[in-house]
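Single-structure report; data block below.
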């Protein structure tokens, strides 16, 4: 009984944290952008503009929710939700640290909701579903640019999902398990997978950027050529749901890179494991934001040739070499 | 008890969405129903204590095959495609054929050894990946290799068809 209750509490806590994360992330992204471009970024609402995300949230909530006359009303309404749900469901099997003992109750708690036997496969499978929100959102708008954005995103995500999954296989071969907890445990004591799988790490990072639609691969919402891409017709909270999904996807991709390649919560003992874990994730999120304001966007044909002609053969070669070394 | 309730939720949703796939007029809505159906199938696989098959179901069918379906269907003229009915009412022989097929399936299932299969051991959800892998690469190595060869041939066929010079 207490087990069930604990799972329920964990689900609620994780969901609330993940739901609230985009608020600070939008602020950090805009501040980093500002400083990279030698300006201040948001500065008006609160000290150093720290209340800006709340102002934005209130603004989005009170905006009119416009549904275009020619849109498919049912799919148009449901598409942001279809995009959002997989981004949250992924967290069901993500471990955040080792066991902790609750201070007052003296009860041992695992810092994950479920340690699945098929953990990494589950995450890759569920994360692949969020493409539906984008495709359907683009199609249901019944308008040129969103449709093109949706088509681009489906082609892009299928192409890069292959390289992403193949990059994981190298790690799985070394660790001999699909469970994320086992993968992290196998890396303890500075045996981080980035040292054994440097090529896999690079492939995973690049394909991950494409999978979460970040610059230099943000073609589904390419403002330069598509207006705003798949969510051009969306406004108000439905638009906010798409934005929320993108930020949550960025967080989960950073977490996945940390778990697979950077040793998870492994680090020098003077700080607890969870702190190391959060520091590594924060660093990766910063790098992803930094990339956004440093690199230009690829052209669509370049995106496809990078995915199919460089990353995919490279990841296959990586699997082959890893197999030979293990044997 | 709880498991039975979940089973009925998944089963009813699976059958309902499967009916929706063939009865909805809009092809895109049909694909969405098919996605719901596949997800319920994955849930049923988990209840049968094979999480690996469930994840593969989501990965391959929902994550890849259906996206390609959508990709093609989105290019269609939906208004026109929605007007055409798959089975027009006048064709009695189609309905007769479907009836015969249904009868045959009911007969086959009732006379098969499906009822002799024992229920899976409760609560065991670990180690299945290893078991599936071992079975595939030892006991069922020949079928596995034949299937991969067939898939490779299909892949080559698709590439040949897609080449520009041949169009």
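A few comments on the model shown:
- Alpha-carbon centroids, region A:16-38 and region B:23-52: separation in whole Å: 37
- By the count of neighbouring beta-carbon atoms within 10 Å, fewest first, A:145, A:234 end up ordered A:145, A:234.
- For chain A, calculated [θ]222 nm from helices alone, where every DSSP H run of n ≥ 4 adds -39500 (n - 2.57): -20500 deg cm²/dmol
- Residues B:156, A:21 arranged by fewest to most Cβ contacts within 10 Å: B:156, A:21
- Choice from A:79, A:207, A:33 with maximal GNM fluctuation in chain A (Cα, 10 Å cutoff): A:33
- Region A:118-164 - percent relative contact order, Cα under 8 Å, separation 6 or more: 32
- Number of partner chain Cβ atoms within 10 Å, mean per residue of A:117-123: 5
- When the Gaussian network model of chain A links Cα atoms closer than 10 Å, the mean-square fluctuations of A:264, A:49, A:170 top out at A:49.
- Region B:2-22 and region A:189-225 have Cα centres lying 38 Å from one another.
- Shielding of peptide B:29-41 by partners, expressed as the average count of other chain Cβ atoms within 10 Å per residue Cβ, is 1.
- Fewest-first sequence of A:270, A:96 by Cβ atoms within 10 Å of each Cβ: A:270, A:96
- Comparing A:248, A:38, A:258 in a Gaussian network model of chain A where C-alpha atoms under 10 Å apart are linked, the largest mean-square fluctuation is found at A:38.
- The packing ranking of peptides B:14-24, A:9-19, highest mean first, is B:14-24, A:9-19, where packing means the average number of other beta carbon atoms within 10 angstrom of each residue.
- Take each residue of peptide A:132-138, count the partner chain Cβ atoms within 10 Å of its Cβ, and average: the result is 3.
All of the numbers you see were taken from the coordinates with simple rules; none came from a lab. Everything numeric in this text was worked out from a predicted model, so none of it was measured. Cβ atoms come from the backbone with ideal geometry, glycine included; neighbour counts cover every protein chain shown.
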